[in-house]
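For reference, the structure discussed in these notes is given below.
The values are calculated or read from the model by the stated rules, or taken from the named source; none is laboratory data. Predicted, not measured: the structure shown is a model, and the values here were computed from it. For neighbour counting, all protein chains shown are included, and Cβ atoms are generated from backbone atoms with ideal geometry for every residue, glycine included.
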Amino acid sequence: MRASILALVTACSTACLQAQVYPCEDDIECVVDGLHGVCHSSGYCAYPDGRCTSQQRFGPAAGGGRAHDCVPTDSIGGESQGETQSFIDGSETASGSSLASGEQSTATDGCGGCVDPPNDCFAPTGSCGADGCVYEPRAANTACVIDDPCVTAAECDGAGTCVVIEGMQCNEPPGPCFAAQGECEPDGTCSYTPLPVDTECNDGNECTFGERCDAASVCGGGDECPQEDPCMSSACVAGSCEDTPVADGTLCGLAEADRCCAGSCVDISSDGDNCGGCGLQCEANDICESVSVTSTCDPAP
């Protein structure tokens, strides 16, 4: 009688310890203790396992004899049927290693190695988390690359974002009739806006003055070495204007007595240093005065 009772208890215990079967309809139903699975087309949850050819293994609550078995690859687009390795119960695997209940393989973790960070501002190698690979942000001020030809320097902000610290400098216009500051185009070249027609400009020739921009954005039309002083002559010599005095005695004003002397316009009718002509000085205590010259003299009184 005692043996029968013991057999009954043993049978009951064995039946009670068997895992219950739970079907699923959505991936959200396959999250257990932080482990995220997917709801397989069979209607049961499957979880990442790099030891399976399909990279997925049915959970312990899968029905139809699927519990702990690798998901067949042909059921998710593969070709072979997959293995029947233990997943949850810690039994020996085909590779000779065992896993504790609910533990993922640390060889691949189902993340593919975690060597593909989002950008330069994350560590090159990450770790596998519940939702996939996790990468640590690189330190602030670490140099990074932005795929933009108009960006010449960039740095990480410490939170995983690569920010621009220096852009292309467009400050070399093609000529004086274009805006001094241009804009960087998507191909990395600079473009400059033409200045309005008739804008004053400098063609770079030191002997020309008064140049202006024309409709073709060309600077020109200036006068060469213009001279406003009537007693000086200006000419372009070796790339620059040089002034030289005109001949003495050259008329330089409205009055007949306005004459050029040594490059200056003077009134020779009143200038003591040029009295009556250039270089003719009055004697001491004398002053230069204009006098009438006649060929005859009236008789003395």
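Conditions first: (1) within 27 Å of CYS241 (Cβ to Cβ); (2) at pLDDT 95 or above; (3) surrounded by 17 or more Cβ atoms within 10 Å (Cβ to Cβ). ASP198 passes all but one, so which condition is the exception?
(3)
What number of residues within segment 41-58 are among the charged types (D, E, K, R), closer than 20 Å to ASP131 by Cβ and under 46 Å from the mean Cα position of the chain (by Cα)?
Keep residues of segment 41-58 that are among the charged types (D, E, K, R), which gives 49, 51, 57.
Filter again for closer than 20 Å to ASP131 by Cβ, leaving 49, 57.
Filter once more, so that each one left must be under 46 Å from the mean Cα position of the chain (by Cα): 49.
Final tally of qualifying residues: 1.
Does segment 237-254 include one or more residues that are part of a strand (DSSP E or B), without any contact (Cβ under 8 Å) to a residue 40 or more places away in the chain and within 24 Å of CYS177 (Cβ to Cβ)? Can you show your working first?
Filtering segment 237-254 down to residues part of a strand (DSSP E or B) leaves 237, 240-245, 251.
Cutting the leftovers down to without any contact (Cβ under 8 Å) to a residue 40 or more places away in the chain gives us 237, 240-245, 251.
Next cut, within 24 Å of CYS177 (Cβ to Cβ) only: 240-241.
Checked segment 237-254: at least one residue is part of a strand (DSSP E or B), without any contact (Cβ under 8 Å) to a residue 40 or more places away in the chain and within 24 Å of CYS177 (Cβ to Cβ).
Quick check, is ILE76 loosely packed, with under 13 Cβ neighbours inside 10 Å, at pLDDT 50 or above and either more than 52 Å from the chain's Cα centre (by Cα) or among the hydrophobic types (A, V, I, L, M, F, W, C) (or both)?
Numbers: loosely packed, with under 13 Cβ neighbours inside 10 Å: no; at pLDDT 50 or above: yes; either more than 52 Å from the chain's Cα centre (by Cα) or among the hydrophobic types (A, V, I, L, M, F, W, C) (or both): yes.
So ILE76 does not fit the description; no.
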